[in-house]
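The values are calculated or read from the model by the stated rules, or taken from the named source; none is laboratory data. Source: prediction; values computed, not measured. Note that each Cβ is placed from the backbone with ideal geometry, even for glycine, and that neighbours are counted across all protein chains shown. These accessible areas exclude ligands, DNA and RNA; they are computed on the full protein's heavy atoms, side chains included. Shrake-Rupley method; radii C 1.70, N 1.55, O 1.52, S 1.80 Å.
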Amino acid sequence: MSLTFHWFLPTNGDSRHVVGGGHGTPATAFGRNRPPTVAYLSQIARAAEDLGFVGALTPTGAWCEDAWLTTAMVSQHTERLKFLVAFRPGFVSPTLAAQMASTFQRQTGGRLLLNVVTGGESHEQRAYGDFLDKDARYRRTGEFLQIVRDLWEGKTVDLAGEHLQVEDARLARVPDPVPEVYFGGSSPIAGEIAARHVDVYLTWGEPPAQVAEKIAWVRGLAAKEGRTVRFGIRLHVITRDTAEQAWTEAHKLLDGFDPDTVKSVQAGLARSESEGQRRMLALHGGSREDLEIHPNLWAGIGLVRGGAGTALVGSHDEVAERIKEYHALGIDEFVLSGYPHLEEAYWFGEGVLPRLAAQGLWQHPFAPTSAPVAQVPFTS
């Protein structure tokens, strides 16, 4: 099976520096270097589409633009790229969310993927009127996905749950195709929700041994439910013709981290209720030293950014090898990003993807119109 690659739409702004934000922390000033206009995001989306990325993730939260509205507009400037729209179940009724997804599918020709984000920060959830605690939010997510999936199957739904209640709910038109559901979470209850309801379980870029443990954990839970789940990983990338060039770029990003900003971001992230965020913080401990935590896996991004905090750094060949290492564990989908997102899409798409194609691990999803991209490895 060909590996699947997704890119990222920086709806919190873009820069040649790392734009922070996420998990209750605001976007940093660098996000104003390239504002997240529809024109700029569409430029990134078209590049990703041409290079062979299947979809593009858009984040959710107070630190970025709304994912539903932004992707709906950007979709009109692309033809084939799918949109992995992050959304929080507690903010929209399940029936309305199912209807929104159905509409999105019809208006874009079936280009919606859903990234369900339960929400790990109670203080941010309360700003949106959600006062449930973390475990209760996960239980609500389970009820939400049960309702939405039944509606997508054309069923009439009556459910009186612990947190959600619908009566005689149904859709006038079901989505075609039904959107796939992506989901991440490292706490025990998150694993239970993933096993019962999701298509793709996403993990942040931890070292391979830790990723292997997560895959075995979720795979075992899913088997008990009589289901199978695919696996994906969320990483940044810094890939160049040589390892020296790539690490020079990583160190340039690190030099741009203001010590006061690092201190402030780390203090904010330390208050996070997210188990995944706790695991990210443990990879670097707030220190600028020893940030290469596995060959070509760099934890520097997490010093100023919440959520995904690691990057694959190295030559095109080295980054391809690390992707193969994760794939051998069971990872089939890679959700990637890099600063700035337009330029880094080309570095990866023209440098790494042809190498994977040459080894039979990847093929351009739109090969009839774009085959030359995957035929000749990029060199300078």
Under 5 Å, built H, 5+ apart or other chain: amide partners of F334: T4, F5, H6, I233
Under 5 Å, built H, 5+ apart or other chain: amide partners of F83: A56, L112, L113
V38 paired with Q76, simple spin-label distance in nm, labels 7 Å along Cα-to-beta-carbon: 0.5
Between helix 316-329 and the chain: long-axis angle, C-alpha atoms, 0 to 90°, nearest 10: 40
Between 0 and 90°, nearest 10: helix 38-51 axis offset from the chain longest Cα axis: 70
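Give me the accessible area per residue for the stretch 1-96, probe 1.4 Å, as a whole number in Å². Present the calculation step by step, with values, prior to reporting the outcome.
Working: 3410 Å² over 96 residues.
Ligands and nucleic acids excluded, the result is 35 Å² per residue.
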Derived scalar couplings ³J(HN,Hα) [the stretch 17-25; Karplus, 6.51 cos²θ - 1.76 cosθ + 1.60; whole Hz; x for Gly, Pro]: 10, 6, 8, x, x, x, 6, x, 9
Degrees between helix 275-284 axis and first principal axis of the chain (Cα, 0 to 90, nearest 10): 10
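Suppose a student asked you for the relative contact order of the chain, using Cα pairs under 8 Å spaced at least 6 residues apart; what percent would you report? Intermediate results must be reported in sequence, preceding the final value.
Numbers: 770 pairs, mean separation 75.0, N = 380.
Once divided by the residue count of the chain, the mean separation gives 20 percent.
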Karplus (6.51, -1.76, 1.60) ³J(HN,Hα), θ = phi - 60°, over the stretch 199-205, in Hz, Gly and Pro reported as x: 8, 10, 8, 9, 10, 6, x
Whole-Hz couplings from phi, Karplus 6.51/-1.76/1.60, listed for the stretch 85-97; x for Gly and Pro: 7, 7, 8, 10, x, x, 9, 9, 5, x, 5, 5, 4
Label-point gap, in nm, between A358 and K224 - each point 7 angstrom along Cα→Cβ: 4.6
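Please give the length that would be gained between A282 and D135 if that part of the chain were fully extended, namely 0.36 nm times their separation in residues minus their C-alpha to C-alpha distance (nm, one decimal).
On the way: separation 147, 0.36 × 147 = 52.92 nm, distance 2.22 nm.
Length difference between fully extended and current span is 50.7 nm.
What pairs in K82/K155; K263/K324; K134/K214; K82/K134 have C-alpha atoms more than 32 Å from each other?
Working: K82/K155 26 Å; K263/K324 35 Å; K134/K214 20 Å; K82/K134 30 Å.
Distance filter (> 32 Å) returns K263/K324.
Within the set of other residues whose C-beta is less than 12 Å from the C-beta of P175, count the net charge using Lys and Arg as +1 and Asp and Glu as -1. Each step should come with its number before you reach the end.
Values: positive: R106, R111, R149, R173; negative: E153, D176, E180.
Charge balance near P175 sits at +1.
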Residue order for K134, K263, K252, K155 - accessible surface, 1.4 angstrom probe, largest first: K263, K252, K155, K134
